[in-house]
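A short worksheet on the structure shown next.
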Amino acid sequence: MILKEPCYHISQIVQNMKSPKVHKYALETWYEFMFPYIPYRTGALSETIDIQDDGIHFKMEYAEKVYFGDGWNFRKTVHPLAQAHWGRAALDNHGKQIKTIITAYALKE
């Protein structure tokens, strides 16, 4: 099953930004910040994605199971911050920084 990290998680940051270009940039920026939180063994989970209008789609068949793997003991060798709910973790830990980057980009547009 494909897992979608829906854009409503980041909607508070982009709520007044109507530009599709800014919206896509916001999702790309969010993904950059969530990457270290995505469990990593072979890299397939974190690298097999699509960024679409409605969110970030993780295309590996096991993505949903890993995303909701609360209490799992994720390997920390490659991604020491690896955990379940990686999109939320990125926002919880870097939300202000993400908002600053996206706002600066939006002001240039």
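Ile49 contributes about 40 Å² of solvent-accessible surface, heavy atoms of the protein only, 1.4 Å probe. With contacts taken as Cα pairs under 8 Å and at least 6 residues apart, the chain reaches a relative contact order of 36 percent. With R₀ set to 25 Å, the beta-carbon distance separating Glu61 from Lys24 gives a calculated FRET efficiency near 0.45.
Of the residues Leu81, Leu45, the one with the largest accessible area comes first in the ranking Leu81, Leu45, computed with a 1.4 Å probe on protein heavy atoms. Once the Cα atoms of helix 20-34 and of the chain are each reduced to a long axis, what angle between those two axes, in degrees from 0 to 90 to the nearest 10, is obtained? Once rounded, the angle reads 30 degrees. Computing Cα extents along the principal axes in Å directly from the structure and comparing it against (1) 41, 25, 20; (2) 33, 32, 23; (3) 35, 28, 25 singles out (1).
Students sometimes get this wrong: rank Glu109, Glu28 by accessible area, probe 1.4 Å, all chains present, largest first.
Greatest to least solvent exposure: Glu109, Glu28.
Ligands, DNA and RNA left out, the 1.4 Å accessible surface of segment 22-109 is 51% carbon and sulfur atoms.
For the chain, lysine pairs with C-alpha atoms less than 25 angstrom apart, excluding pairs fewer than eight positions apart on the same chain, total 23. Of all the options Pro39, Pro80, Pro20, the one that moves most in a Gaussian network model of the chain with Cα springs shorter than 10 angstrom is Pro20. Using the Cβ-Cβ distance between Lys76 and Ala104 with R0 set to 22 Å, the FRET efficiency works out to roughly 0.10.
For the pair segment 36-54 / segment 76-99, the C-alpha centres are spaced 13 Å from each other. Computed from Cα positions, the angle between helix 86-108 and the longest principal axis of the chain comes to roughly 20 degrees.
The values are calculated or read from the model by the stated rules, or taken from the named source; none is laboratory data. Since we're looking at a predicted model, the values are computed, not measured. Methodologically, a virtual Cβ is constructed for each residue, glycine included, from the backbone with ideal geometry; neighbour enumeration extends over all protein chains shown. Note: areas computed on protein heavy atoms with side chains; ligands, DNA, RNA excluded. Shrake-Rupley method; radii C 1.70, N 1.55, O 1.52, S 1.80 Å.
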